[in-house]
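In what follows, a single structure is set out as structure tokens and then discussed.
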Amino acid sequence: MGTEIDRLLEEQVKKWETSKERRKSKEEAPRPVITVAREPGSIVTDLVQRIAQELKLDIIDAKIIHEVAKSVRMSEKVVSYLDEKTRSILDNWILYLRTTRFLLADEYVRHLTKVIGAIGEQGGAIIIGRGANLILPPEETLRVRFIAPMETKMRNIMRGFSLTEEDAKQRIFLKDAERRDSVKKNFKVDIEDPANYDLIINTGFLETENIVGIIKSALKLKSIPSRRKSDVNLPLAK
């Protein structure tokens, strides 16, 4: 697993380097960041891939973030890619989170916050899970949650994992409990609280094309600043 994560991280860093050079030469404008939270089975991989293709974004999987956050070496590598000014702003933002929104006493959560914050600074990404919607500044992020009727979720799980109906139902309940408990433990909030999302989309009644269209429209309507937060003075808790 470690070798594979190292390889994926190296590939991502190369993309960031290329994107950074393009922005310097004004060939590429800052790209948005979308966070994705989802009920187990509410979406299929093709949906996220389609959104990424349409918007030219990288997909940052929850497993990759988890493995990077567990490793001090890899976590620091992601953060060290930021320039000094941006790194300082990220540190300020993390301090703001720790003193106003939730206590990041756990070492893993501190690394997780830095990793997701650094990815958010790079822009141009869809970040799946790991509480990214709670970590990144809401004014600079489109925060999406996908839900679906149980029938839809079971159908997706059965097809995706070749499971029986009963096994699919158990997997949904188990994964849902794991995600709910993780968010509650790490961020002290309810994963279902609608205040933590900009869009809640029921995939059971919409085609992929419609969902992609909704997300593209939401990005335009939310008026996410073109400047990253490295150009903005963040509030700090007293």
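The values are calculated or read from the model by the stated rules, or taken from the named source; none is laboratory data. All values derive from a computational prediction rather than experimental measurement. When we count neighbours, we look across all protein chains shown, and the Cβ atoms used for this are built from the backbone with ideal geometry, even at glycine.
I'm trying to understand the selection: among the residues of segment 192-207, which are surrounded by 14 or more Cβ atoms within 10 Å (Cβ to Cβ) and farther than 12 Å from F146 by Cα?
N196
Could you go through segment 80-87 and let me know if any residue there is modelled with pLDDT of 70 or more and either touching a Leu at 6+ places or on another chain (Cβ under 9 Å) or under 28 Å from R171 (Cβ atoms) (or both).
no
Name the pairs whose Cβ atoms lie under 8 Å apart, with the first residue in segment 186-197 and part of a helix (DSSP H, G or I), the second modelled with pLDDT under 90 and of a type in the set (D, E, K, R), and 6 or more positions between them or separate chains?
Partner pairs satisfying both residue conditions: N186/D106; F187/R101.
Could you say whether any residue in segment 161-168 is modelled with pLDDT under 90 and β-branched (V, I, T)?
Scanning segment 161-168, I find no residue that is modelled with pLDDT under 90 and β-branched (V, I, T), so the answer is no.
Check whether at least one residue in segment 146-168 is surrounded by fewer than 22 Cβ atoms within 10 Å (Cβ to Cβ), over 26 Å from H66 (Cα atoms) and either under 14 Å from the mean Cα position of the chain (by Cα) or of a type in the set (S, T, Y) (or both), and report yes or no.
Yes, segment 146-168 contains at least one residue that is surrounded by fewer than 22 Cβ atoms within 10 Å (Cβ to Cβ), over 26 Å from H66 (Cα atoms) and either under 14 Å from the mean Cα position of the chain (by Cα) or of a type in the set (S, T, Y) (or both).
Which condition number in (1) in a helix (DSSP H, G or I); (2) β-branched (V, I, T); (3) at pLDDT 90 or above is the one that T35 fails?
(1)
A quick yes/no check of all residues on (1) on the phi > 0 side of the Ramachandran plot; (2) in a strand (DSSP E or B); (3) crowded, with 21+ Cβ neighbours inside 10 Å; (4) modelled with pLDDT under 85:
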position: R98; (1), (2), (3), (4): no, no, no, yes
position: F102; (1), (2), (3), (4): no, no, no, yes
position: Y108; (1), (2), (3), (4): no, no, no, yes
position: T113; (1), (2), (3), (4): no, no, yes, yes
position: E121; (1), (2), (3), (4): no, no, yes, yes
position: I127; (1), (2), (3), (4): no, yes, yes, no
position: N133; (1), (2), (3), (4): no, no, yes, no
position: E139; (1), (2), (3), (4): no, no, no, no
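Any residue at all in segment 155-173 that's polar (S, T, N, Q) and touching a Phe, Trp or Tyr at 6+ places or on another chain (Cβ under 8 Å)?
No, segment 155-173 contains no residue that is polar (S, T, N, Q) and touching a Phe, Trp or Tyr at 6+ places or on another chain (Cβ under 8 Å).
If I filter segment 49-61 down to residues being touching a strand residue (DSSP E or B) at 6+ places or on another chain (Cβ under 6 Å) and not in a loop (DSSP other than H, G, I, E, B), which single residue comes out as surrounded by the most Cβ atoms within 10 Å (Cβ to Cβ)?
By that ranking, first place goes to I60.
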